[in-house]
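Following: one structure in structure tokens, then a few remarks.
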Amino acid sequence: MRTPRIIALLTLFTTPLLFAGAGQTGLSFLKLGVGARALGMGEACAAVAADPTAMYYNPAGIAHAKTSQLTLMHKEWIQGVKTEYLAAMISATDVSVGLSLNATSVNDIELRAIPGAPLGTFSARNAAMGISAAYAFDPSFSIGVTGKYLYEKILVDEASGIAFDLGSSYQTPWDVRLALAVTNLGSVNELHDQASALPRSVRAGGAYETKLESLDGIVTLAADVVSLTGEGITHVNLGTEFAYKKLFAFRVGYQTGFEARNISAGVGVRQGLFQVDYAFVPFRYDLGTTHTFSLNIEFP
């Protein structure tokens, strides 16, 4: 059925995330989250991500990666919305750099001018192409920045723009890592005859990691507070991960401020330099369940 595609289009391109509140910004694909590990932990990742997904949540995080890495992600969101995320980073002693592509699309949207049979179908596409850099002043403190080229197209109308993300990360003496990131600072030009305001956000987070010797594993506890400054909305994201012998990981998450969803879960398997992750996020109101798959490859 193609009617849900129309709902997906309205959700993705003209309103913020479904039932998150009164929307005043566009390009909502910038708020959908990336990475199966992060999504499984309720997107509580500002202080956790130290791989190519950090370029989305907090660019300072790539400074803590010990190896160069490549991440591939595919996400099946509700009502036929699909997201692909491809990112690679190179880690050096003090400086890390990376490239990322975040693309979201809705296909087979019916084109109608008057009531009756559709005139055809079309696709709607959004993309953010970014370049990131992070610098570690010492093992405990780092900063990062991402510059992004933004593009959106609906039918024959196109728009583009530039945005920046800024981030920082600090490891406290109490084994708690703190992080702060400001994302989507910039603008896009008019699509048809109206320009969208970007979904600017401030994300503050913390994470604590401890070993469980009796279970031969590591537990990570994380929390983020995300304020969408252009919409007057604040979300609290909570997540936890248990990694057994660095081979298997189990994750759960919880997010506040969304009417149609709140819980998430995921698993991960690691073999040598490869890690495969999966996350699912159920929605209420018969909207379905999202499925996200990620592959991360390390290059020592």
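What follows is calculated from the coordinates using simple rules that are stated; it is not laboratory data. The structure displayed is predicted, hence computed values, not measured ones. All Cβ positions, even for glycine, are placed from backbone atoms using ideal geometry, and neighbour counts span all protein chains on display.
Report summary: the helix-based calculation at 222 nm, which adds -39500 (n - 2.57) for every DSSP H run with n ≥ 4 and divides by the residues of the chain, gives -1500 deg cm²/dmol. Between 0 and 90 degrees, the angle of helix 3-13 with respect to the longest Cα principal axis of the chain falls at about 60 degrees.
Sorted fewest first by neighbouring Cβ atoms within 10 angstrom, GLU84, GLU259 come out as GLU259, GLU84.
Residues with beta-carbon under 15 Å from that of LEU72, excluding LEU72: net charge, scoring Lys, Arg +1 and Asp, Glu -1? Please report the intermediate quantities before stating the final value.
Details: positive: ARG37, LYS75, LYS82; negative: ASP51, GLU76, GLU84, ASP277, GLU298.
Charge balance in the 15 Å sphere: -2.
Debye-formula intensities of the chain, expressed as log10 I(q)/I(0) at q = 0.07, 0.08, 0.10 Å⁻¹, are -0.26, -0.33, -0.52 (one equal scatterer per alpha-carbon, no solvent). Relative contact order, whole percent, for the chain stands at 20, derived from Cα pairs under 8 Å and 6 or more residues apart.
Work out the FRET efficiency for ARG125 and HIS291 from their Cβ-Cβ distance, taking R0 = 22 Å, and round it to the nearest 0.05. Walk me through the intermediate numbers first.
On the way: r = 21 Å, r/R0 = 0.94.
Approximately 0.60, to the nearest 0.05.
Report the gain in length on full extension from VAL252 to GLU213: 0.36 nm times residue separation, minus Cα-Cα distance, nm rounded to one decimal. Gain in length upon complete extension: 11.9 nm.
What does the charge dipole of the range 144-274 about its Cα centre add up to, to the nearest 20 debye, if the Cβ of each Lys and Arg holds +1 and the Cβ of each Asp and Glu holds -1?
Values: 11 positive and 14 negative charges, 112 e Å.
So the dipole magnitude of the range 144-274 works out to roughly 540 debye.
Looking at the chain as a GNM with Cα springs under 10 Å, which of ASP277, ASP224, ASP157 has the largest mean-square fluctuation? Result: ASP157 has the largest fluctuation of those listed.
Report the Rg/Rh value for the range 172-300, based on alpha-carbon coordinates and the Kirkwood definition of Rh.
Working: Rg = 18.1 Å, Rh = 17.4 Å.
That ratio is 1.04, to two decimals.
Nothing charged except the Cβ atoms of Lys and Arg (+1) and of Asp and Glu (-1): what's the magnitude of the dipole of the chain about its Cα centre? Round to the nearest 20 debye. Write out the running numbers ahead of the final one.
Details: 21 positive and 25 negative charges, 72 e Å.
Charge dipole, the chain, about its Cα centre: 340 debye, nearest 20.
For the range 3-299, the residue among PRO139, THR210, GLN255 whose Cα projects farthest onto the positive side of the dipole built from Cβ charges is THR210.
Measuring between alpha carbons in the structure, the pairs from LYS82/LYS246; LYS31/LYS153; LYS66/LYS246; LYS211/LYS245; LYS31/LYS211 lying more than 21 angstrom apart are LYS82/LYS246; LYS31/LYS211.
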